[in-house]
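Notes to accompany the following structure.
The values are calculated or read from the model by the stated rules, or taken from the named source; none is laboratory data. Bear in mind that the values here come from a model prediction, so they are computed numbers and not experimental data. Methodologically, a virtual Cβ is constructed for each residue, glycine included, from the backbone with ideal geometry; neighbour enumeration extends over all protein chains shown.
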């Protein structure tokens, strides 16, 4: 494949940052959009600077351009700029200060209520609403829309970080945002300009051979692939002034104890009480 030297070096650098020096991923087709995607990183420290006028509308246009199952559009988003409300939402998320710092905080919603209202207005019983499949479609729709917004934001030199901890206390989120029944806050998203002192580095991912298979599931080399990845993540932790640890240990610590869920183990009952029977 004929690849210009500049593009080749850019590709090589991006792949090393994403996978580590030992990754042998092939250098395929390349462009600026792919370069942007591979450079994604989460940022947890923001300047107070306001976003340019109409930035939100641009991000929303990108979000609404994402795929949506059967064009049902079972998602909504609430833009939060009020400092007091951001402070309260930060408390839900364990006092994550970046929620208060960022000029724009977006809460992405699985929203069945809009189409439910349509059914009532048209005198049609919406029989599919109570099922797990419908809630999954809504949550997936919200995630696809949000990721489009993230890519758009990063193309504008903005930084972002997802906040899954909105699910620590969904009822408090619903209270703060005045959510009707059949609406659930799936996650939040900080948007803003990264602080000058931020040290955000592209975080290595598992090698492609550990997560992508051909024709059937699995790779007999999984353990060795994970061992190599553990080495990369330990070096990443050290470089970023965190406690040096392997990915394996982090996963075991997060998923090996119920306390790691921060109350989210009760989500089924909470969802039921918020208008999602989940049959």
*Given the conditions (1) over 18 Å from the mean Cα position of the chain (by Cα); (2) in contact (Cβ under 8 Å) with a residue 40 or more places away in the chain; (3) outside any helix (DSSP H, G or I), which single one is not true for residue 185?*
(1)
*asked:* Of the residues 209, 174, 194, only one is more than 18 Å from the chain's Cα centre (by Cα) and assigned by TED's automatic domain parsing to the domain that holds residue 150; which?
replied: 174
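To keep it simple, each residue is scored yes or no on (1) in contact with a strand residue (DSSP E or B) (Cβ under 8 Å, 6 or more places away or on another chain); (2) outside the structural domain of residue 82 (by TED's automatic domain parsing); (3) surrounded by fewer than 12 Cβ atoms within 10 Å (Cβ to Cβ).
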residue	(1), (2), (3)
179	yes, no, no
218	no, yes, yes
230	no, yes, no
236	no, yes, no
246	no, yes, no
250	no, yes, no
261	no, yes, no
_From 215, 201, 238, residue being farther than 25 Å from residue 72 by Cα and in contact with a helix residue (DSSP H, G or I) (Cβ under 7 Å, 6 or more places away or on another chain)_ = 201
_Residue, nearest to residue 76 (Cα to Cα), within the stretch 123-174, restricted to residues that are surrounded by fewer than 20 Cβ atoms within 10 Å (Cβ to Cβ) and in contact with a strand residue (DSSP E or B) (Cβ under 6 Å, 6 or more places away or on another chain)_ = 139
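Check 107, 77, 43 and return the single one that is in contact with a strand residue (DSSP E or B) (Cβ under 9 Å, 6 or more places away or on another chain) and closer than 30 Å to residue 8 by Cα. Please lay out each step first, then the result.
Working: 107 fails: closer than 30 Å to residue 8 by Cα; 77 fails: closer than 30 Å to residue 8 by Cα.
43 is the lone residue from the list that is in contact with a strand residue (DSSP E or B) (Cβ under 9 Å, 6 or more places away or on another chain) and closer than 30 Å to residue 8 by Cα.
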